[in-house]
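These notes are about the structure you will find just below.
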Amino acid sequence: MHKQTQLDLAFAALADPTRRAILARLSQGEATVSELSRPFGLRQPTISKHLRVLEDAGFIRQGRDAQRRPRQLVVGGPLKDVDGWIRPFREQWEGRFDNLDSYLKKMNKPKK
Amino acid sequence: MLNDEKTKTTIDRDTLTITFQRKFGAPCEHVFAAWTEPEHMKHWWDPTGLPLSECVIDLRPGGGFKFTNRDSAHSPPFTGVYRLVERPSQLVFEAMGAVGTVRLESKDGATHMTVSIRCASAEHLDQFLKLGVDVNTDRTFDHLVDYLRKSAR
C-alpha cells in the first residue's frame, strides 16, 4: 500500500524533463541548489521546488554538509524500482531492434 | 532515460502505452518488409538472435500471424491479427489483448520507427511485461503489477 503511493510519486516526479536532468546530474555526484541552478538556467526557487518533488518521491536527500546543504541521489531508491519494472520488457524489445538493425544492414547489400 | 540509448523507451501509465523509438539507416520499404515478410521477420524477431522456428504472416486486415521462437519452452508463440496495413508507413496489429502500432517515417535518408503497444487494461500490460521476464523475476516486478492494477480503477 505504502509502496504504491511511493511509486505514484516516483512516476509523477519522473514525468518532468528538468527533474530527470537533475537526477542525471546528481548521479554524477552531489550538488547544491546554486550549483544546480547555473547549468539549468533556472532560478534557485524553481530548482528548490523540483528538488522538493524529487525528495518527496525518495529519489534524493540532503547530504551531510549542513552549511551547503547539497543534494545527493539515494542509492537503491525508487529509481531502482522503476527500472526493475521496465527493464526485462525493454531489454527484450531492444534486443529485437538490435537484431533488426544488423539484419537491415545485410539487406542493404546486394546478395548476388 | 539517457540520451545515448539507441532505443528510446517511454511508458505512459495513464494510457497504458509503451512506446519504443528507434532510427535505422535503411529505407522505410526495407523496414516495412522486415516487419511483414516471413523470410525477413524470422531473422530478427527472437531477442536471442536465433531464427524463428515458425513464422506465418497473412498480411491483410483481419489476417493472422504467428511467430514461434526456437526455444519455445521459454516463450509461447506470439500470435495476433493485423488491423491495418499501409505499406510502407504503418502497421497495426492486435496481439494478446493489446494493440501494436508500427510507424515508419523517412527522414534524412534514415527510417524513424515508432512502435507503440497500447494495452486494453492493466492486466494486459502485466501480461506483456511478464513475457519479458524469464528467470530473473524480482520483487520490484510485483510492485508494478500491484501498482498497475490499482491505477486502472
Exercise for the section: Could you tell me whether residue A:95 is surrounded by fewer than 12 Cβ atoms within 10 Å (Cβ to Cβ) and within 12 Å of chain B (Cβ to nearest Cβ)? Expected result: no
Handout entry: Whichever residue in segment B:11-20 is surrounded by fewer than 19 Cβ atoms within 10 Å (Cβ to Cβ) and more than 10 Å from every other protein chain (Cβ to nearest Cβ) and, among such residues, is nearest to residue B:105 (Cα to Cα)
Key = B:19
Fill in the blank from the handout: Across (1) farther than 20 Å from residue A:91 by Cβ; (2) modelled with pLDDT of 90 or more; (3) charged (D, E, K, R), residue B:22 clears everything bar (1)
Problem - Residue satisfying condition, being under 30 Å from residue B:36 (Cβ atoms) and under 18 Å from the mean Cα position of the chain (by Cα), within set A:90, A:61, A:19 - result: A:90
Completion exercise
Counting only residues that are surrounded by 15 or more Cβ atoms within 10 Å (Cβ to Cβ), closer than 30 Å to residue B:47 by Cα and not hydrophobic (A, V, I, L, M, F, W, C), segment A:67-90 contains a total of 7
Problem - Residue pairs meeting the criteria (Cβ under 6 Å; at least 6 apart or on separate chains; first among the hydrophobic types (A, V, I, L, M, F, W, C) and modelled with pLDDT of 80 or more, in segment A:78-98; second part of a helix (DSSP H, G or I) and surrounded by 18 or more Cβ atoms within 10 Å (Cβ to Cβ)) - result: none
Practice task
Give the residue that is modelled with the lowest pLDDT, with candidates limited to residues of segment A:1-49 that are closer than 12 Å to residue A:71 by Cα, assigned to a helix (DSSP H, G or I) and not aliphatic (A, V, I, L, M).
Solution key: A:25
Handout entry: Check on residue A:65, assigned to a loop (DSSP other than H, G, I, E, B) and of a type in the set (Asp, Glu)
Key = yes
Practice task
Inspect all residues belonging to segment A:99-107 and state whether any of them is surrounded by fewer than 15 Cβ atoms within 10 Å (Cβ to Cβ) and in a strand (DSSP E or B).
Solution key: no
Exercise for the section: Within segment A:42-66, track down each residue that is free of Cβ contacts under 8 Å to residues at least 24 places away in the same chain and either buried (at least 17 other Cβ atoms within 10 Å of the Cβ) or among the basic types (Lys, Arg) (or both). Expected result: A:43, A:49, A:52, A:61, A:64
Handout entry: Unmet requirement for residue B:140, which otherwise passes all of (1) of a type in the set (Ser, Thr, Tyr); (2) at pLDDT 90 or above; (3) in contact with a Phe, Trp or Tyr (Cβ under 8 Å, 6 or more places away or on another chain)
Key = (2)
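The values are calculated or read from the model by the stated rules, or taken from the named source; none is laboratory data. Note that the structure is a prediction, hence the values are computed from the model and not measured. All Cβ positions, glycine included, derive from the backbone under ideal geometry; neighbour counts span all protein chains shown.
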